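Following: one structure in structure tokens, then a few remarks.
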Amino acid sequence: MNTKLSIIIPTYLEEKLLGNLLLQFSQDIKDKYNIETIVSDGGSTDATLTIANQYADKVVVASPSQKRSISQGRNNGADAASSDILVFLNADCMPKNIESFLKYISH
């Protein structure tokens, strides 16, 4: 079995981009490369959380008392990860070939 990967996506108001990224991680891709997807949101007020809850394996939302920055989003996502290998992608990242990308980082 492949090493488990946690794909962590920090978000804030990413409704226009997030779905396209998450849809690349179909269940077949997740199974083949042993992936979990984690969206770590910094307090979005648009449809970002709706999209995240529909497609991501885990959704983490920053508490109102936390500093809301991309680095804090990454840290919150890392805290929720269940693997030792963390891959951070921004919502506007779109690997040209998701299989090649995952094959490269998983071996």
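The values are calculated or read from the model by the stated rules, or taken from the named source; none is laboratory data. Keep in mind that this is a model prediction, so the values were computed, not measured. Using ideal geometry, Cβ is built from the backbone for each residue, glycine included, and neighbour counts are taken over all protein chains shown.
Residues checked against (1) out of contact with any helix residue (DSSP H, G or I) (no Cβ under 6 Å at 6 or more places or on another chain); (2) among the hydrophobic types (A, V, I, L, M, F, W, C):
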residue: GLY19; (1), (2): no, no
residue: LEU22; (1), (2): no, yes
residue: PRO64; (1), (2): yes, no
residue: LEU86; (1), (2): no, yes
residue: ASP92; (1), (2): yes, no
residue: ASN97; (1), (2): yes, no
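In the range 1-19, the qualifying residues are those that are at pLDDT below 95 and polar (S, T, N, Q), and the one that is farthest from the chain's Cα centre (by Cα) is ASN2. When each of ASP79, ASP84, ASP41 is tested for being at pLDDT 95 or above and over 11 Å from the mean Cα position of the chain (by Cα), the lone residue that passes is ASP79.
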